[in-house]
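Could you have a look at this structure, given as C-alpha cells, before my questions?
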Amino acid sequence: MTEKPKLVVLDTMNFWMDCALPELLEVIKRVDVITINDEEARQLSGEYSLVKAAAIIQAMGPQYVVIKKGEHGALLFHNKEVFFAPALPLEEVFDPTGAGDTFAGGFTGYITQSENVSFENMKNAIIYGSNLASFCVEKFGTERMQSLDKEEVVSRLKQFKSLTQFDIEL
Amino acid sequence: MNKLLIVGTVAFDAIETPFGKTDKILGGAGTYIGLSAAFFNLQSAIVSVVGDDFPQEYLDLLTTRNIDISGLEVVKGGKTFFWSGRYHNDLNSRDTLDTQLNVLADFQPKVPENYKNADVVMLGNLHPLVQSGVLD
C-alpha cells in the first residue's frame, strides 16, 4: 500500500490458529478490526467468556473485535464498550456457507461508503453485515446474493429495527 | 467514490447440508465479500487467484457488480482452489471433506496500482503471510 488505509479489517479462522499461529499473531498486530466467530475467539484468547476473550484479543492489536455468533448475531467490542447486532430469526436457513464473509462485506462496505470509522458508525456497520448475511443463508452458495435487490435489503433493515426497539422508560 | 480493497479466495465449493447438496459452485471468501459490498456506493477490487478452469460467467458476474478484477490473477494451466464440506444438522458445525489448494498454494497477491491508496482494506480468510503481504 502507498497510503495507510483508514481502516484494515481482518477475518481468519481456527485452521490458521492451529497451523500458522506466529504468522497470524503478526498480522493481527497490524489491523484495526478483527472478525472471528465465538469458538475461534475462545481458541485465540484461551478464555471461555467472550467479554474476557475480546479484551485479550484487543491487547493483541486490533482496537475493535467483532465476534460472530452465527444465528445468534454478532458482538462488537471496543475498549470497555460493547454493542450487539441480532441475527434475524429466519424461517429457512438453507446453507450457511459464506455468511461470515457476507457479513464482513456488509461491514466494510458500509464503512467505506460512509467514510466514518467511529465506534458509533461501526454499530450500523454490523447491523448492515448481519442484514446481508441473513439473505446469504437462504439459498445454496451465492445464489441468493445474486438475486438480491436493494429494496429487499432496505425492507429487511426495517425488520431489524423493529426486532430490537422497545419502549421501556428509564 | 471511496475505495474498498478485498483480498480473499475466489473458489469452487461443493456443499452438503441437511437440505441438499451441490456440485462445484462459485464460492470463496473474496467472492462473498465482494458480492455483499456491492450493495454500497463505493469502488471495490478483489485481489485473488484462480486457474483457467474458472468459468468466464463467474468472472462476468463479478464485473457486472462493478468489482474490479484486474488484481484477480488467472493462472494458465492452473486449477482453482476447491473446498468441499458437510454441515451437521445444527448448521453451525461442519466437516471439511476435501481441500485442494491448487493455485492458492503459490499465491502472491498483487494489488492493482489504483488500489494502493484504498480507504478500507478487507483481508478475507487466507494464509496470514498472504494477508500481511498486502499491507506491506
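The values are calculated or read from the model by the stated rules, or taken from the named source; none is laboratory data. Quick caveat: nothing in here was measured; it's all calculated off a predicted structure. All Cβ positions, glycine included, derive from the backbone under ideal geometry; neighbour counts span all protein chains shown. When the accessible area is computed, the model is the full protein with side chains, heavy atoms only, and any ligands, DNA or RNA have been set aside. Shrake-Rupley method; radii C 1.70, N 1.55, O 1.52, S 1.80 Å.
Within segment B:78-98, can one find any residue that is assigned to a loop (DSSP other than H, G, I, E, B), open to solvent by 40 Å² or more (accessible area, probe 1.4 Å), over 21 Å from B:Asp13 (Cα atoms) and more than 9 Å from chain A (Cβ to nearest Cβ)?
No, every residue in segment B:78-98 fails to be assigned to a loop (DSSP other than H, G, I, E, B), open to solvent by 40 Å² or more (accessible area, probe 1.4 Å), over 21 Å from B:Asp13 (Cα atoms) and more than 9 Å from chain A (Cβ to nearest Cβ).
Mind checking which residues of segment B:53-63 are closer than 16 Å to A:Gly98 by Cβ and open to solvent by 10 Å² or more (accessible area, probe 1.4 Å)?
Initially, segment B:53-63 is screened for residues closer than 16 Å to A:Gly98 by Cβ, giving B:58, B:61-62.
Matches in segment B:53-63: B:Tyr58, B:Leu61.
A follow-up question, please. Do you know which residues across segment A:96-108 are more than 12 Å from the chain's Cα centre (by Cα) and buried (at least 24 other Cβ atoms within 10 Å of the Cβ)?
Residues satisfying the conditions are A:Thr97, A:Gly98.
When the residues of segment A:14-34 are narrowed to those that are surrounded by fewer than 16 Cβ atoms within 10 Å (Cβ to Cβ) and part of a loop (DSSP other than H, G, I, E, B), which ends up farthest from the other protein chains (Cβ to nearest Cβ)?
A:Lys29
Run down A:Glu152, A:Glu91, A:Glu120, A:Glu71 and say which single residue is open to solvent by 40 Å² or more (accessible area, probe 1.4 Å) and part of a loop (DSSP other than H, G, I, E, B).
The match here is A:Glu91.
I'd like to verify a number: residues in segment B:30-52 that are open to solvent by 10 Å² or more (accessible area, probe 1.4 Å) and facing chain A (nearest Cβ under 10 Å), how many?
Residues that pass the stated criteria total 6.
Within segment B:12-25, how many residues are within 9 Å of chain A (Cβ to nearest Cβ), part of a strand (DSSP E or B), open to solvent by 10 Å² or more (accessible area, probe 1.4 Å) and not charged (D, E, K, R)?
Number of matching residues: 3.
So which residues in segment B:105-129 are out of contact with any helix residue (DSSP H, G or I) (no Cβ under 9 Å at 6 or more places or on another chain), assigned to a helix (DSSP H, G or I) and at pLDDT 95 or above?
B:Glu113, B:Asn114, B:Tyr115
Shifting gears a bit: Mind listing just one residue for me: the one in segment B:126-136 that is touching a strand residue (DSSP E or B) at 6+ places or on another chain (Cβ under 7 Å) and more than 14 Å from A:Leu25 (Cα to Cα) and, of those, surrounded by the fewest Cβ atoms within 10 Å (Cβ to Cβ)?
So the residue we want is B:Leu135.
Which condition from (1) over 19 Å from A:Leu7 (Cα atoms); (2) assigned to a loop (DSSP other than H, G, I, E, B); (3) in contact with a helix residue (DSSP H, G or I) (Cβ under 9 Å, 6 or more places away or on another chain); (4) not aliphatic (A, V, I, L, M) is the one that A:Phe140 breaks?
Unmet condition: (3).
I would also like to ask the following. Sort out which residues of segment A:1-12 are crowded, with 17+ Cβ neighbours inside 10 Å and not charged (D, E, K, R), and write them in order of number.
Matches in segment A:1-12: A:Pro5, A:Leu7, A:Val8, A:Val9, A:Leu10, A:Thr12.
Just need a number here: residues in segment A:35-46 that are open to solvent by 20 Å² or more (accessible area, probe 1.4 Å) and in contact with a strand residue (DSSP E or B) (Cβ under 6 Å, 6 or more places away or on another chain).
Within segment A:35-46, residues that are open to solvent by 20 Å² or more (accessible area, probe 1.4 Å) and in contact with a strand residue (DSSP E or B) (Cβ under 6 Å, 6 or more places away or on another chain) number 2.
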